[in-house]
Amino acid sequence: MPTIMRHPLTSALALTLASSLAAQNCIDRNYGTAIGLGDDTMFAIQPIGFAFPLNGTTYTDVHVCTNGYVFLSNAGVPLPGAADYSATTAELASGSPRLAPFWTDLDVRASNGGQCYVNATASMCTVTWSNAQCYALAADGLPVFTFQLQMLPSGQVQFFYEAGMTNHATTGGATLIGACSGGGATLPTASDLSLGGATPDPTIFEELTVADTFDLADSSVLLLPGAPGWSFVRVPFSGCASTQDYGTGCVDAKDSLYEFFAASSSFDLAGKTISMLRTGTGYFVTDAMPGSLFTHVSPTVIAAGDDIEQTVTLSSAMPVAGGTTSALTVCSNGRIALASTGNGVAYAPVVANFLAFANTTIAPFWHDLNPTAGGSGSILFEQAGGFAYVTWNGVYSYNTTSPNYCQCQFDLSTGDITLIYDAAMVGSGGSYLVGYSVGGASPDSGPVDLSTALAASLTLGDLSQEGLALTGVGLPTLGNSSFAFSTTKVPPVLPLAFLFFGTGALPGIDLGFLGMPGCNVYTTSDLGSFTFPVAGDTGSLVLPIPNSVGLIGLSFAAQSLAFSLMTPANLVASNGTQITIGM
């Protein structure tokens, strides 16, 4: 455990000031001038606005790095270091004078609305990292957060951290928080800044080496300079404006799914029946319906070669994504395009290629097969009673004598597809891919363990559709006339949606009983509702916040509804968003 040094006078001063701040302790929303964004970026020198004292020396300028720290200088002296994503105590001690509210591997990207700011006045200098993201989680939509450094002419330093902050940027190693004049400083024992205390050393820091252990979110850390050393105290946020999204929107419909079996893994679908029931806008996929194997009477041998495709004509058009098809194109390597043309004869299954196939494809088992090998079975095709049947009848894996048996059944009137796997099928001779991919590029939503996931059934759409999403735009600060709720991923049915407000946030009540399976209600809705227009897949409702101090602390929850063809009720619901009005 870190050693906490306490000095009676400086600790008392810190606690007294913390008490006065507790009534109003928030990030200063007057961010000032935007200086840029990026990854591992060191911005041009910026004036502080006054002579800031640190360990007996004053500094007039800051050099801001996107990775959560600033160097101090006087017109560039001492020379600041380069942008550094790898936070180490050795660099903290040996480098130029540095204040580090959150030194770690960060990405401040435009797609997240990220930006760095400096606001320098004669009484305070603030540096803000707005909508930053840990680089190890560098994908849009993952947690973003805002934090701020405040410097006063007295040498007082305060670090502010919004809710949702995490130290998950393990790419660069540790996360460091603190202040050091550098130049070969001697490092004291690390402090636990969340506990409060004092140190006689001019360097103060906390080091986090384990991901997701940051414990200062939704609060600030006040550093008061001593003579020598620092007092430090954590001050919880109070009276601050905030928005928080919670829950998930519906319907989150994928247009493709797959399971990939590496060559060294075990194929675990032997004896399984997978049913894909056509819904008109996609498929309902389940393994709960036992299959009945069709016994061929007068089959035709098709795709009778190694790495070959053959198109067969159906006796009637079958419903598929985007319309109907009057033909199937069968690849000897375990794939069927639901079209009159195929997707090539590649024998090695590659997920990215599967999701990018031009033609809608069912892959009972994409695998390197060789129907021409001595002793191998054949691929059979037959139509009877309004069904078409394609059977890999004991076809050998390439360069083995291991047979593969799977039958694909197509109901030509409904578009239903059934896959039946032989109980003795074990998989050998290379990797396998089982799945369905709609024609055109599909997002990769990750592999699915079909042997377990289908017990609860899955839904596929003809178009990939993400769940309805609601979020706040800006913060509900007093006097903010442009605060708004933005709803995205609205289905293209009607250019209209609804926003409901309630005094309470709900944990999520299943709306399946109202014909909205997979959807939940997240607000009590007792404050009323508004309609708002939608353009494309996005709509917004502006909610101006009056400049009245009596509103500070007022909290309510909101949720959107929109029209959709993906549920029996023809409605989908968003996640919930809770806002608190404040400074």
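The values are calculated or read from the model by the stated rules, or taken from the named source; none is laboratory data. All values reported here derive from a predicted model rather than from experimental measurement. Because the Cβ atoms are built from the backbone with ideal geometry, glycine has one as well, and the counts that use them run over all protein chains shown.
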Does Y59 satisfy the criteria of being part of a loop (DSSP other than H, G, I, E, B) and at pLDDT 90 or above? no
Taking segment 486-524 and keeping only residues that are small (G, A, S) and either crowded, with 19+ Cβ neighbours inside 10 Å or in contact (Cβ under 8 Å) with a residue 24 or more places away in the chain (or both), one is left with S486, A497, G502, G504, A505, G508, G515, G518
Test: residue in segment 24-43 that is crowded, with 16+ Cβ neighbours inside 10 Å, within 26 Å of P200 (Cα to Cα) and aliphatic (A, V, I, L, M)
no
*Report whether or not S481 is over 24 Å from S275 (Cα atoms) and touching a residue at least 40 places away in the same chain (Cβ under 8 Å).*
yes
Discussion item. Suppose the filter is buried (at least 19 other Cβ atoms within 10 Å of the Cβ) and closer than 19 Å to W230 by Cβ; does G197 pass it?
Written reply: yes
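Yes/no matrix, rows are residues, columns are (1) within 19 Å of T41 (Cβ to Cβ); (2) among the aromatic types (F, W, Y); (3) surrounded by fewer than 18 Cβ atoms within 10 Å (Cβ to Cβ); (4) touching a residue at least 12 places away in the same chain (Cβ under 8 Å):
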{"position": "T88", "(1), (2), (3), (4)": "no, no, yes, yes"}
{"position": "L92", "(1), (2), (3), (4)": "no, no, no, yes"}
{"position": "G95", "(1), (2), (3), (4)": "yes, no, no, yes"}
{"position": "W103", "(1), (2), (3), (4)": "yes, yes, no, yes"}
{"position": "D107", "(1), (2), (3), (4)": "yes, no, no, yes"}
{"position": "A110", "(1), (2), (3), (4)": "yes, no, yes, yes"}
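A quick yes/no check of all residues on (1) within 18 Å of S256 (Cα to Cα); (2) assigned to a strand (DSSP E or B); (3) in contact with a helix residue (DSSP H, G or I) (Cβ under 9 Å, 6 or more places away or on another chain):
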{"site": "A317", "(1), (2), (3)": "no, yes, no"}
{"site": "S326", "(1), (2), (3)": "no, yes, no"}
{"site": "N333", "(1), (2), (3)": "no, no, no"}
{"site": "I336", "(1), (2), (3)": "yes, yes, no"}
{"site": "G344", "(1), (2), (3)": "no, no, yes"}
{"site": "F357", "(1), (2), (3)": "yes, no, no"}
Of the residues in segment 476-504, those that are hydrophobic (A, V, I, L, M, F, W, C) and part of a strand (DSSP E or B) come to A484, F485, L496, A497, F498, L499, F500, F501
If we keep only residues of segment 350-369 that are among the polar types (S, T, N, Q) and in contact with a strand residue (DSSP E or B) (Cβ under 7 Å, 6 or more places away or on another chain), then the residue surrounded by the most Cβ atoms within 10 Å (Cβ to Cβ) is T361
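So that you can scan it fast, the table gives a plain yes or no per residue for (1) farther than 21 Å from L223 by Cβ; (2) in the same structural domain as F160 (by TED's automatic domain parsing); (3) among the β-branched types (V, I, T):
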| position | (1), (2), (3) |
| --- | --- |
| F43 | yes, yes, no |
| F50 | no, yes, no |
| P53 | no, yes, no |
| V70 | no, yes, yes |
| N74 | yes, yes, no |
| V77 | yes, yes, yes |
| R109 | yes, yes, no |
| N112 | yes, yes, no |
Filter segment 22-68 for residues that are hydroxyl-bearing (S, T, Y) and touching a residue at least 40 places away in the same chain (Cβ under 8 Å); the one that is nearest to T186 (Cα to Cα) is T57
Contact list, first residue from segment 327-352 and closer than 22 Å to G427 by Cα, second anywhere and aromatic (F, W, Y) and assigned to a loop (DSSP other than H, G, I, E, B), beta-carbon distance below 6 Å, six or more apart or interchain, is N333/Y347
A careful count of residues in segment 534-548 that are within 20 Å of G474 (Cα to Cα) and surrounded by fewer than 16 Cβ atoms within 10 Å (Cβ to Cβ) gives 6
